[in-house]
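See structure below.
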Amino acid sequence: MSAVVISGTGLYQPPYTITNAELVEAFNAYVDGYNAEHAADIEAGTLQPLSHSSVEFIEKASGIKQRYVMEKSGILDPKRMYPRFQERSDDQLSMLAEIGVEAAKKALEAAGKTGADVDGVICACSNLQRAYPAIAIEIQHALGAGGYAFDMNVACSAATFGLAQAVNAVQTGAAKCVLVINPEITSGHQEWKDRDCHFIFGDVATATVVERADTATAAEQWDIVGSHLATQFSNNIRNNFGYLNRSEDSDPKARDKTFRQEGRKVFKEVVPVAAAHIETQLGALSIQPTDVRRFWLHQANLSMNQLIVKKLIGAEVTPDVAPLILDEYANTSSAGSIIAFHKYRGDLKSGDTGVICSFGAGYSVGSVVVRKR
Ligand code: CO8
């Protein structure tokens, strides 16, 4: 079995920012328009009016202050409320591949590698742009990589599950250098008209280079100490969009064809599952949670992350122990824990141990324990 390291990460940040104030202004204009249009039904008591959203609620309930998006005019248009993208021809790079390639180039540069060194590409994300060919194969082609490539989706846990597949491939000799890429254009599947969740998501792409330790040349390398994955079925986060919708003659714009969740239930059920998951993994590796220098957690909710780490270390949680990127990026689904790892690891010393952990729809929990070389 080969020793495996993470030798580089990369981040692609979309061009547009939407602040909570901008989002709430557009949402409230949509609500006013909807209530005016349906005034007679609301008056007759046959339809419930929609309620305004608020900046204060969003910041207090989630910790989110803004998000990056690929396109903002469509999202902020009260008559539309979703992004406006240009359809591309078959010979143009797809949007998902394009942002994946940007993140991958940065990760390769950090690792001191080129596309030609890569013999495995995994595109791991929450929403895939098309059925086939795989986005990963398109990225493999664009980077001039060899070997094999495939797409996978484990919603918010796609990145850690993808990392675990990459580690297995390198350990067993199936590949030498694998790129795990997480392009998340969540704005396409976010329900911008639902006040319970209209503030949650943002767009981004991350990439991670996983390779044999004996080929790694990067100045900074992270040993993979172990990975641990688990799933448990739940309908509390769900999206029914899929290829059978046409045959079902269902409405492609119906509410169940975009992201929906029982946020309160998710919060309550996932906190203990994630904390127990990390504790079990650390126990199996003979590591005390208090000896973990940093937790790079999935970024869905500030209080959720604080509770999980507090359960583990039995003390109040500081950003030094569990850094937050959610305030700036919002929930970027699978990419969140990788953004945190990408931005907040430079100060750690050789021998320091950290945990990259994601949790979300499925339910799914994935954790990867790493140690700085
Ligand atoms: N403005 C003002 N008031 C509001 C708003 C709003 N925008 N929204 C809700 N309220 C009201 C509610 O109506 C409610 O009022 P009342 O008490 O009168 O009934 C009150 O505020 C409280 O509402 P909630 O109980 O819903 O509020 P919470 O405190 O639970 O906060 C959160 C809501 C922030 C959603 C919180 O529950 C949370 O973060 N939960 C965890 C969610 C989570 O981790 N989800 C993971 C999903 S991500 C994932 O797995 C990836 C999926 C794939 C990505 C797809 C991309 C699109």
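What is the calculated FRET efficiency for residue 225 to residue 32, with r their C-beta to C-beta distance and R₀ = 51 Å, to the nearest 0.05?
The formula returns an efficiency of 0.40 here.
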Karplus ³J(HN,Hα) for segment 332-337 (6.51 cos²θ - 1.76 cosθ + 1.60, θ = phi - 60°; Hz, whole; x = Gly/Pro) runs 9, 6, 4, 6, x, 5
So for segment 267-373, what are the equivalent ellipsoid semi-axes in whole Å, largest first, each being the square root of 5 times an eigenvalue of the Cα gyration tensor?
-> 19, 17, 13
List, in order, the whole-Hz ³J(HN,Hα) value for each residue of segment 204-216 obtained from phi through the Karplus relation with A = 6.51, B = -1.76, C = 1.60 and θ = phi - 60°; use x for Gly and Pro.
-> 4, 9, 10, 8, 9, 9, 10, 8, 5, 4, 7, 10, 6
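Extension gain residue 268-residue 313, at 0.36 nm per residue separation less the Cα-Cα distance, in nm? Write down the numbers at each step before the final one.
Values: separation 45, 0.36 × 45 = 16.20 nm, distance 1.90 nm.
So the chain would gain 14.3 nm between residue 268 and residue 313.
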Taking segment 150-269, the lysine pairs whose C-alpha atoms sit under 29 Å apart (8 or more places apart or on different chains) add up to 7
In whole angstrom, note down how far apart the Cα centers of segment 132-168 and segment 359-373 are.
-> 17 Å
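Take the Cβ-Cβ distance between residue 87 and residue 2 as r, set R0 to 41 Å, and report the resulting FRET efficiency rounded to the nearest 0.05. Write out the running numbers ahead of the final one.
Working: r = 43 Å, r/R0 = 1.06.
After rounding, the FRET efficiency stands at 0.40.
Which percent, nearest 5, of DSSP beta bridges in the chain are antiparallel?
Details: 41 of 55 bridges.
Of those bridges, close to 75 percent are antiparallel.
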Which listed residue (132, 274, 34) has the Cα farthest towards the positive end of the charge dipole for the chain, taking +1 on Lys and Arg C-beta and -1 on Asp and Glu C-beta about the Cα centre?
-> 274
Applying the Karplus parametrisation 6.51 cos²θ - 1.76 cosθ + 1.60 with θ = phi - 60° to the phi angles of segment 295-304, what ³J(HN,Hα) value in whole Hz is obtained for each residue in order, glycine and proline being reported as x?
-> 10, 9, 9, 3, 10, 10, 7, 4, 5, 4
Report, in debye and to the nearest 20, how large the dipole of the chain comes out about its Cα centre when Lys and Arg carry +1 and Asp and Glu carry -1 on their Cβ.
-> 800 debye
Kirkwood Rh in Å, taken over segment 141-239 so that all alpha-carbon pairs contribute = 16.0 Å
Cα convex hull volume per residue for segment 31-175, in Å³, equals 179 Å³
If each Cα of the chain is one equal point scatterer, what is log10 of I(q)/I(0) from the Debye formula at q = 0.10, 0.11, 0.12, 0.15 Å⁻¹?
-> -0.62, -0.75, -0.88, -1.33
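Kindly report the accessible area of the chain per residue (heavy atoms of protein chains, probe 1.4 Å, no ligands, DNA or RNA), in Å².
Working: 16630 Å² over 373 residues.
It amounts to 45 Å² per residue over the chain.
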For segment 273-341, with all protein chains present and a 1.4 Å probe, just round the carbon and sulfur fraction of the accessible area to a whole percent.
-> 52 percent
Interchain or long-range residues, amide H under 5 Å from residue 121's placed H = 148, 149, 150, 179
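How much length would be gained if the chain were fully extended between residue 172 and residue 249, taking 0.36 nm per residue of separation minus their Cα-Cα distance, in nm to one decimal?
On the way: separation 77, 0.36 × 77 = 27.72 nm, distance 4.57 nm.
Extra length available between residue 172 and residue 249 comes to 23.2 nm.
The values are calculated or read from the model by the stated rules, or taken from the named source; none is laboratory data. Since we're looking at a predicted model, the values are computed, not measured. Because the Cβ atoms are built from the backbone with ideal geometry, glycine has one as well, and the counts that use them run over all protein chains shown. With ligands, DNA and RNA removed, areas are computed over all heavy atoms of the protein, side chains included. Shrake-Rupley method; radii C 1.70, N 1.55, O 1.52, S 1.80 Å.
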